[in-house]
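Participant: Here it is, the structure, as structure tokens.
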Amino acid sequence: MAISDYYVTLGVERTASDAEIKKAYRRLAQQWHPDVSPDPEAALRFKEISEAYQVLSDPERRQRYDLFGTAGSEAGAGFAGGFADIFDAFFGAAAAGTRRGRPAAGSDLRYDLRITFEEAILGASKEIEFPVLARCETCGGNGAKPGTQPITCPQCNGRGEVRGVRQTMLGQMINVTTCPRCKGDGKIVETPCETCRGEGRIERTRTLQVTIPPGIDEGHQIRLSNEGEAGPRGGPAGSLYVAVHVAPHASLKREGTELIFEASVGLAQAALGTTITVPIVGGEEVVEVKPGTQPGTEIRLRGKGVPYLRRAGQRGDLHVIVDVDVPHHLSRAQREALEAYARATGEIVTEGGLLDRVRDKLA
Ligand SMILES: [Zn+2]
Ligand SMILES: [Zn+2]
């Protein structure tokens, strides 16, 4: 079989962009689809057009074709079924998201769940309650009155879509639309269920127990498949997304798996050493501040942070950042002690605050 020039077949330049190739294919495929074109050559032309598009729309195969004038041995492989798929990829999409011959799926739902800081770290089980369109139990979801069955839609023969052909200046166009009679389901209900009026679903309040895994964080979502809205007339249910919101902690900050506590100690405590009490999740811990601790020193409490969501048993750390508090005001006794300290170290300081000097004079 002689290989025709794919660029000529599609009527594009050799330098054509992907978009130009796609556009040319679309136009020609609409014109030459054998269901539409009365031309006896249509099937052959359509096949050529589809083959050219299959090669030129694949960057790797296009490059090989440009170099060697052939798309290689796989050019014909799997081709027989291939062009129908390409056609569907283009024109199936024109039927605007319908799931042909099947009932539509139910919508996804979102539930905003507020939990405490501790629950996010330790995990929890929370009961949630929300309104949902649930499958009708009277008819089992198909919308037909018990004892009756939905029938195949006579307008589309169960396909869920109808194809129309119309003449335009550019030639014949196929127009695929959702079947107006069955709305794409492919089935219709002649005697509707009285409970749900043929919808197959009714509004109900659902109560669910949601497991919060340890380590979850603000903004995470938990997906519960099949817990969303039921699809109309027996269609598959959507998902429920539980969006987690974590309340802040009074004194701990969280960054991913790490917790941060800002501690403040006095001058003497930093110099002489002390112990401080650090809040940890589920309690508190006494932590030693060593003599000579500098401002900004970090004390790391290993494994006291947040559990890793995807690595069981592993936890982040709790970082204690020690700040040294320099007093704003000194009592006379404190001042004298610090002045004595300064004399001992040879530090030159401003002796006697203004107030003290005034007070000394008045005394
Ligand atoms: Zn029903
Ligand atoms: Zn129909």
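The values are calculated or read from the model by the stated rules, or taken from the named source; none is laboratory data. What you see is a predicted model; the values in this text were computed from it and never measured. Quick reminder, even Gly has a Cβ in these numbers, built from the backbone with ideal geometry, and neighbours come from all protein chains shown.
Participant: Quick one: which of G140, G101, G158 is at pLDDT below 95, exposed (fewer than 15 other Cβ atoms within 10 Å of the Cβ) and either outside any strand (DSSP E or B) or within 16 Å of ligand 1 (Cβ to nearest atom) (or both)?
Facilitator: Only one candidate passes the filter, namely G140.
Participant: Here's another thing I want to ask about it. Could you please find all residues in region 157-182 being without any contact (Cβ under 8 Å) to a residue 60 or more places away in the chain and within 8 Å of ligand 2 (Cβ to nearest atom)?
Facilitator: The answer is N157, G158, R159, V162, C179, P180, R181, C182.
Participant: Pairs needed: first member in region 185-201, farther than 23 Å from C156 by Cβ; second member anywhere, of a type in the set (V, I, T) and at pLDDT 90 or above; C-beta distance under 7 Å; at least 6 residues apart or different chains.
Facilitator: T195/T138; T195/I202; C196/T138; C196/I202
Participant: Let me ask you something else. State whether one or more residues within region 207-222 are under 17 Å from C136 (Cα atoms) and charged (D, E, K, R).
Facilitator: No, region 207-222 contains no residue that is under 17 Å from C136 (Cα atoms) and charged (D, E, K, R).
Participant: Would it be correct to say that E262 is away from ligand 1 (no atom under 16 Å from the Cβ), of a type in the set (D, E), closer than 30 Å to G296 by Cα and in contact with a His (Cβ under 7 Å, 6 or more places away or on another chain)?
Facilitator: Values: away from ligand 1 (no atom under 16 Å from the Cβ): yes; of a type in the set (D, E): yes; closer than 30 Å to G296 by Cα: yes; in contact with a His (Cβ under 7 Å, 6 or more places away or on another chain): no.
No: the conditions fail for E262.
Participant: Taking the stated definitions as given, is R201 touching a helix residue (DSSP H, G or I) at 6+ places or on another chain (Cβ under 8 Å), crowded, with 21+ Cβ neighbours inside 10 Å and of a type in the set (K, R)? Let's see the steps before the verdict.
Facilitator: On the way: touching a helix residue (DSSP H, G or I) at 6+ places or on another chain (Cβ under 8 Å): yes; crowded, with 21+ Cβ neighbours inside 10 Å: yes; of a type in the set (K, R): yes.
Yes.
Participant: Then there's this: May I ask you to verify whether A270 is surrounded by 15 or more Cβ atoms within 10 Å (Cβ to Cβ), part of a helix (DSSP H, G or I) and not acidic (D, E)?
Facilitator: Working: surrounded by 15 or more Cβ atoms within 10 Å (Cβ to Cβ): yes; part of a helix (DSSP H, G or I): yes; not acidic (D, E): yes.
Yes; evaluated as a whole, the condition is true for this residue.
Participant: Do we find a residue being closer than 30 Å to T138 by Cβ, away from ligand 1 (no atom under 16 Å from the Cβ), touching a Ser or Thr at 6+ places or on another chain (Cβ under 6 Å) and assigned to a loop (DSSP other than H, G, I, E, B) anywhere in region 176-184?
Facilitator: yes
Participant: Across region 273-284, what is the number of residues that are surrounded by 14 or more Cβ atoms within 10 Å (Cβ to Cβ) and free of Cβ contacts under 8 Å to residues at least 40 places away in the same chain?
Facilitator: Residues in region 273-284 being surrounded by 14 or more Cβ atoms within 10 Å (Cβ to Cβ) and free of Cβ contacts under 8 Å to residues at least 40 places away in the same chain: 4 in total.
Participant: Out of the residues in region 185-203 meeting the condition of being assigned to a strand (DSSP E or B) and more than 12 Å from Q149 (Cβ to Cβ), tell me which one is farthest from ligand 2 (Cβ to nearest atom).
Facilitator: Among those that are assigned to a strand (DSSP E or B) and more than 12 Å from Q149 (Cβ to Cβ), it is E203.
Participant: If you don't mind, another one. Exactly one condition in (1) among the hydrophobic types (A, V, I, L, M, F, W, C); (2) within 16 Å of ligand 2 (Cβ to nearest atom); (3) not assigned by TED's automatic domain parsing to the domain that holds E127 is false for I276; which is it?
Facilitator: (2)
Participant: How many residues does region 312-349 contain that are β-branched (V, I, T) and more than 48 Å from the chain's Cα centre (by Cα)?
Facilitator: 3
Condition check ((1) at pLDDT 90 or above; (2) part of a helix (DSSP H, G or I)) across all residues:
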site: I21; (1), (2): yes, yes
site: R27; (1), (2): no, yes
site: D39; (1), (2): no, no
site: V55; (1), (2): no, yes
